[in-house]
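Just so it is clear, none of the values below were taken in a lab; they were calculated from the coordinates. In this text the structure is predicted, and so the values were computed from the model without any measurement. Here the Cβ positions follow ideal geometry from the backbone for every residue, glycine too, while neighbour counts run over all protein chains shown.
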Amino acid sequence: TLSSTRALVDDAAERGGAVPAFNVITLDQAEAIVEGASSAGVGVLLQVSENAIRWHRSPEPILAACRELAAAAPVPVGLHLDHVEDRDLLRRVFARAGDLGVGSIMFDASTLDYEDNVEATAAVVAEAHALGLWVEAELGEIGGKDGAHAPGVRTDPDEARAFAEATDVDGLAVAVGSSHAMREQSAAVDIALVRRIALRVPVPLVLHGSSGVADDVVREAVEAGIRKVNVGTALNIAATDALRSALAEQPGAIDPRKYSRSSRDATAALVAHLCRIIAPAASA
Ligand code: G3H
Ligand code: ZN
């Protein structure tokens, strides 16, 4: 079922868990994510980043495909736009948000100064709320967006509270030690900081760069107050490793259905596993 992000996050929060949010680049990945979530019996978000949209050259085809997959899924699936900086892209999606099935966006103005981040985010929140969309923003800078593991600036709990109040944002991505695009689960997440932010901030917190976070640390972060867990790189690694092996094992294969099957299966299996880590056991 196509579900709103708000419903998925509220539901996860009520049960003290988090909603798994998986990055989608290709249709194959979206299919595998829905398959994995369905086998785990867990509602998820399909999230498409501005970068992924740029790869497709336009937002509508991949979003429409995700919407159809969500509508046909046996579990609730929401559609989220991830790490958007381009206001023109937002305008284009806002113009068709209902029809594209998009329930939420993450507006990333984290590289701006605090005051500018507040101003830009508040403007986007006002536009998005008029359409009934759930909005996530980022405070503090989560490293690794260009592939490097920048140390990033940690989110300050008091500033986060002021930011949430000043912007009316619905969810907040926090810089607590995770970093984007990590290939190993070695991030040192400051769980005490997550807890302090969660106590101060009235909106759900979002963990980015979760591919670099070990399963037990993800669990601790959820227990400490994370309500949406974003995973991208780990799915790419699982799919690409499986694809490399399949191509090596079948050097004559030219039909994508032959050489991509193991990739899709590996993605679905990892998604099911992560759903069981991230979402509360009660929902499985
Ligand atoms: O917004 C997307 C996530 O933060 C994914 O990060 O690719 O490091 O798992 P990741
Ligand atoms: Zn992210």
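Residues of the stretch 76-89 that are in contact with a strand residue (DSSP E or B) (Cβ under 7 Å, 6 or more places away or on another chain) and away from ligand 1 (no atom under 16 Å from the Cβ): VAL77 alone. Scanning the stretch 238-264 for residues that are touching a residue at least 24 places away in the same chain (Cβ under 8 Å) and buried (at least 16 other Cβ atoms within 10 Å of the Cβ) turns up ALA238, ALA239, ALA242, SER260, SER263, ARG264. Evaluated against (1) in contact (Cβ under 8 Å) with a residue 12 or more places away in the chain; (2) closer than 27 Å to GLU141 by Cβ, VAL42 falls short on exactly one condition, (2). For the stretch 93-112, does any single residue satisfy the condition of being more than 20 Å from ARG54 (Cβ to Cβ), in contact (Cβ under 8 Å) with a residue 24 or more places away in the chain and within 16 Å of ligand 2 (Cβ to nearest atom)? The answer is no; no qualifying residue exists. Going through (1) within 23 Å of SER263 (Cβ to Cβ); (2) over 16 Å from the mean Cα position of the chain (by Cα) one by one, LEU45 falls short only on (2).
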